[in-house]
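Shown next, in structure tokens, is the structure this report addresses.
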Amino acid sequence: MPYVIAAAVIAFISRQYSLRSIWAEMAKGQALPLVPLALATYFASLAWVAAADRTVLRGLLPEELTPTYFAVAKGKAAAVVLHIVHYALGQGIYATWVARRTRLNVGQAGGLIFYIILGELGSVCLYAALVIGIGRPAVPGSVLPVVLGVALAVIAAVVLLPATRSERFGFLQIWVKVGRKRGLAQLAIRVCQHATTTSATWLAARWFGLDIPLGVMLSYMPVILVVASLPINVAGFGAVQGAWLLLSPWAPPERVLAFSVVWQAVSALALLVRGLPFLRGVLADIREGKGQAGVPATVNQ
């Protein structure tokens, strides 16, 4: 289904806009300087996201079973390589790796990934709400209520769910284990990650030839990131191209689409450079099925 949807979106866009014009804009744009920028951006992004994920793990696990910061960074970098193929595949590999390293059972590992995904969604919406509220860019008035509502819902879950008590560690009980302080801290770290990636994307767009105001780019990029994470894209292409067209009031749509393709390509290259050296080790951890202490992982159903 993701392949069908992605193909349908691309086909629709190709009927609306000339592929020749998009290709011409790609040829005119400055693509080569974007490569080092993408590398710097995604290494910095990894530093933030590893810190956020380990903050969650430290609340969930005893210290002797909590992977080190660099172990989390390696695991995340390797898993994100598979995000290029499909977001769900990357998340599944990451969840399996964490379960093997930490001896979590299936339900606990699923709850952990669900918590992380909600943290990513809530933080990206919180970031967008902050940008729109402070910068007041020229975006539709309906955007702020939506992103603010999602952000507040996630923050409410982080603050209120730890007040619940249960002897059994169920799918949603990760909020109790992580607690309020660590939950809010990981959201703040993820906001810094989004600020890094969106600011770098705006700079890359400027270098490519898109004259889009910073406030507008920072407001719409979270929306684009959310659409890019949906399971209706393949290798970073599909519905996300439609999301990029939100920026067409500020730049020719063919140039916007050309930049989205080029930036996706150099970003994928950066993710490969960042994660491929660790992919073999992460898959080995999964095959061996051993926890960090070197004993077989337990699966308590």
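Could you list, ordered by first residue, the pairs with Cβ atoms under 9 Å in which the first is in region 20-32 and among the basic types (K, R) and the second is surrounded by 15 or more Cβ atoms within 10 Å (Cβ to Cβ) and not in a helix (DSSP H, G or I), at least 6 apart or interchain?
Within 9 Å, the pairs are K28/G209.
Checking L203 against (1) at pLDDT 90 or above; (2) open to solvent by less than 30 Å² (accessible area, probe 1.4 Å); (3) more than 16 Å from the chain's Cα centre (by Cα): exactly one of these is not met. Which one?
Condition not satisfied by L203: (2).
Looking at (1) closer than 22 Å to V227 by Cβ; (2) open to solvent by less than 20 Å² (accessible area, probe 1.4 Å); (3) at pLDDT below 90, find the lone condition where A99 falls short.
Of the numbered conditions (1) closer than 22 Å to V227 by Cβ; (2) open to solvent by less than 20 Å² (accessible area, probe 1.4 Å); (3) at pLDDT below 90, the odd one out for A99 is (1).
With respect to A129, is the statement that it is more than 17 Å from the chain's Cα centre (by Cα) and free of Cβ contacts under 8 Å to residues at least 24 places away in the same chain true?
yes
Just to verify a result, which residue in region 62-82, among those that are open to solvent by 50 Å² or more (accessible area, probe 1.4 Å) and in a helix (DSSP H, G or I), is nearest to V282 (Cα to Cα)?
Taking the candidates together, the pick is K74.
Residues checked against (1) among the hydrophobic types (A, V, I, L, M, F, W, C); (2) touching a residue at least 40 places away in the same chain (Cβ under 8 Å); (3) in contact with a strand residue (DSSP E or B) (Cβ under 7 Å, 6 or more places away or on another chain):
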site	(1), (2), (3)
I117	yes, no, no
E120	no, yes, no
S123	no, yes, no
P137	no, yes, no
V147	yes, yes, no
I174	yes, yes, no
A185	yes, yes, no
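Identify all residues within region 83-93 that are within 12 Å of the chain's Cα centre (by Cα) and either closer than 17 Å to G110 by Cα or in a helix (DSSP H, G or I) (or both); write none if there are none.
Those that are within 12 Å of the chain's Cα centre (by Cα) and either closer than 17 Å to G110 by Cα or in a helix (DSSP H, G or I) (or both): H83, Y87, A88, G90, Q91.
All but one of (1) under 30 Å from A265 (Cα atoms); (2) at pLDDT 80 or above hold for L161; state the number of the condition that does not hold.
(1)
Test each condition in (1) over 29 Å from V154 (Cα atoms); (2) crowded, with 16+ Cβ neighbours inside 10 Å for L32 and report the one that comes out false.
Against the list (1) over 29 Å from V154 (Cα atoms); (2) crowded, with 16+ Cβ neighbours inside 10 Å, L32 comes up short only on (2).
For region 102-115, state whether one or more residues are assigned to a helix (DSSP H, G or I) and more than 24 Å from R287 (Cα to Cα).
yes
Determine the pairs where a residue that is over 23 Å from A204 (Cβ atoms) and assigned to a helix (DSSP H, G or I), located within region 39-60, has a partner that is open to solvent by 20 Å² or more (accessible area, probe 1.4 Å) and hydrophobic (A, V, I, L, M, F, W, C) with Cβ atoms under 7 Å apart, the partner being 6 or more residues away or on another chain.
Final answer for the pair search is A51/I189; A52/I189; T55/A185; T55/I189.
Go over the candidates G133, G119, G141 one by one and state the one that is in a loop (DSSP other than H, G, I, E, B) and farther than 14 Å from V223 by Cβ.
Checking each option against the conditions leaves just G141.
I'm trying to understand the selection: among the residues of region 131-162, which are of a type in the set (A, V, I, L, M) and crowded, with 19+ Cβ neighbours inside 10 Å?
V131, I132, V139, V147, V150, A151, V154, V158
Can you tell me which of R180, R190 is charged (D, E, K, R) and over 16 Å from A50 (Cα atoms)?
R180
The values are calculated or read from the model by the stated rules, or taken from the named source; none is laboratory data. Everything numeric in this text was worked out from a predicted model, so none of it was measured. Cβ: placed from backbone, ideal geometry, glycine included. Neighbour counts: every protein chain shown. Surface areas here come from the heavy atoms of the whole protein model, side chains and all, with no ligands, DNA or RNA. Shrake-Rupley method; radii C 1.70, N 1.55, O 1.52, S 1.80 Å.
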